[in-house]
1. I'd like the distance between the alpha-carbon centres of the range 205-219 and the range 347-393, rounded to an integer number of Å.
2. Cβ under 14 Å from residue 42's Cβ, residue 42 left aside: what net charge do those residues give with Lys, Arg +1 and Asp, Glu -1?
3. Enumerate the residues in the range 283-311 having an amide nitrogen under 18 Å from the point lying 7 Å beyond the Cα of residue 247 toward its Cβ.
4. Determine the sum of side-chain charges near residue 19: Lys and Arg each +1, Asp and Glu each -1, restricted to other residues whose C-beta is under 10 angstrom from that of residue 19.
5. Could you look at the range 90-164 and say what percent of its accessible area is carbon and sulfur, using a 1.4 Å probe and all protein chains?
6. Test of understanding: in a Gaussian network model of the chain with alpha carbons linked when under 10 Å, which of 142, 108, 41 would top the mean-square fluctuation ranking?
7. For the chain, what is the relative contact order in percent, using Cα pairs closer than 8 Å and at least 6 residues apart in sequence?
8. Say each of residue 179 and residue 260 gets a label point 7 Å from the Cα, pointing the same way as Cα to Cβ; how far apart are those two points in nm?
Amino acid sequence: VSVIPENSLLPAVCGRVCPQETQCQAPCTLGKALKDTDKAVAIGRVERYVADLQRESGKQGVPEVKPATGKKVAVIGSGPASITVAADIRREGHDVTMFEAFHKPGGVLIYGIPEFRLPKTIVQNEIDNLINMGVRLETNFVVGRTRKLNDLIEKDGFNAVFVGTGAGLPKFMNIPGENLVGVFSANEYLTRANLMKAYDTEHAHTPLYNSKKVAVLGGGNVAMDAARMALRLGAAEVHLVYRRTEKEMPARVEEVGHAREEGVIFHMLQNAVRILGDANDCVTQLECLRYELGEPDASGRRSPVPIAGSEFLMEIDTVIVAIGNGSNPLISQTTAGLQVNRWGNIIVDENGKSSIDGIYAGGDIVLGAATVILAMGEGRRAAASINARLAGL
Ligand code: FAD
């Protein structure tokens with residue numbers, strides 16, 4: 001309980017969602033000695049167990065905060081990168097305000113990853129810790145719309161700003177039929193289900209489509225979450241369509257296993273080429289093409305090569321597109337001089353510092369859609385650099 005937070009601020013979260021089999025267990029000496037990562041110390045499980053034990057014991061306590069310095073930092077977004085930054089900066093006695101666009105803080109941990117994988121009380125507990133440390137939280141506050149980023153520095157007196165706005169812009173397949181009724185991005189689908197409680201069909205303001213036969217396009221953790229959510233929302237059949245094989249799937253092995261156990265039907269080496277609808281523009285069928293694996297591409301994975309003439313139709317009423325997310329362009333579009341790369345990710349140096357003095361960034365808005373632990377690591381580095389800047393002011 002006391003050692004783990006030196007490296008991981010959110011052990012109850014990481015113990016549940018991180019790819020521990022590669023990040024923690026692969027370098028474990030026990031696993032190496034026994035030549036099997038499954039026999040390594042189950043560090044993720046340990047993390048989860050001790051963090052849960054401590055939280056449930058009610059003895060968590062509030063981290064110590066140094067005396068007030070009078071310096072102010074704005075943290076934009078409230079996902080794992082921002083939570084880490086807020087905690088590390090507040091500990092040094094600086095005033096921290098977190099601005100979140102949604103009505104609930106937590107980022108993807110709240111709106112994306114479903115309850116069955118990460119109970120929301122755990123995320124709320126982390127937010128409560130920040131509040132107890134004295135971090136101020138402003139929800140329903142879209143930086144770039146409610147207030148420009150520059151105004152936070154020039155008019156509101158913040159000495160530094162951290163941008164942790166994530167990668168919330170869904171990518172689409174750009175195939176015919178993607179605007180039919182019954183086609184969702186995984187982001188919309190999961191946000192409606194998790195954050196807007198669409199599963200509560202009697203009370204939800206944004207109830208979900210009553211899907212019976214669902215096709216999920218993609219092979220990452222997001223695709224697995226969407227597929228498993230669709231089953232829980234009452235779909236009779238959920239088909240996961242992925243253009244490579246299971247070996248190349250970016251999702252965690254554990255998540256793939258859970259999806260399969262729950263009855264998700266896997267269609268490997270296939271890809272959607274067209275979505276068909278009825279006279280009311282509602283989805284009725286998905287046209288797919290079969291693939292085979294060719295030479296490795298830039299990602300090192302064997303690239304999928306379409307088999308000409310192998311098209312076939314699948315009877316479905318819903319399509320969930322889960323092929324990745326890009327960065328939200330709002331802040332870069334409304335902040336003159338903030339440099340981004342060609343994917344719209346904010347460019348920072350090794351200390352998380354952007355092209356504008358006093359503005360730092362980290363997490364998915366810098367890395368592109370990545371992982372919780374990487375977002376936290378980026379947050380830690382940026383917080384150290386902000387703390388060093390403030391110490392010198
Ligand atoms: P986010 O968590 O995206 O948080 C960004 C926050 O900024 C959001 O709350 C957003 O509303 C807010 N925001 C955006 N723009 C503004 C603005 N202009 N003003 C104010 N606020 C703004 N990773 C894993 O390690 N393991 C997993 O199993 C896993 N599963 C995933 C499942 C899903 C469905 C998704 C979508 C992602 C998953 N990931 C997983 C990835 C992981 O969740 C992200 O890498 C991580 O959350 C990124 O953290 P972040 O702090 O950079 O941003």
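1. For the range 205-219 versus the range 347-393, the Cα centre distance is 36 Å.
2. Numbers: positive: 16, 39, 45, 48; negative: 21, 36, 38, 47, 254.
Cβ neighbours under 14 Å give a net charge of -1.
3. Counting backbone N atoms under 18 Å from the label point, the list is 291-306.
4. Taking every Cβ under 10 Å from that of residue 19, the sum is -2.
5. Details: 1400 of 3050 Å².
Carbon plus sulfur share of accessible area: 46 percent.
6. Fluctuation is largest for 41.
7. Values: 819 pairs, mean separation 68.0, N = 393.
With pairs under 8 Å counted, the relative contact order is 17 percent.
8. 4.0 nm
The values are calculated or read from the model by the stated rules, or taken from the named source; none is laboratory data. Since the model is a prediction, treat every value here as computed from it, not as a measurement. Neighbour counts are summed over all protein chains in view; Cβ atoms, including those assigned to glycine, are modelled from backbone coordinates with ideal geometry. In case anyone asks, the SASA skips ligands and DNA or RNA and just uses the protein heavy atoms, side chains included. Shrake-Rupley method; radii C 1.70, N 1.55, O 1.52, S 1.80 Å.
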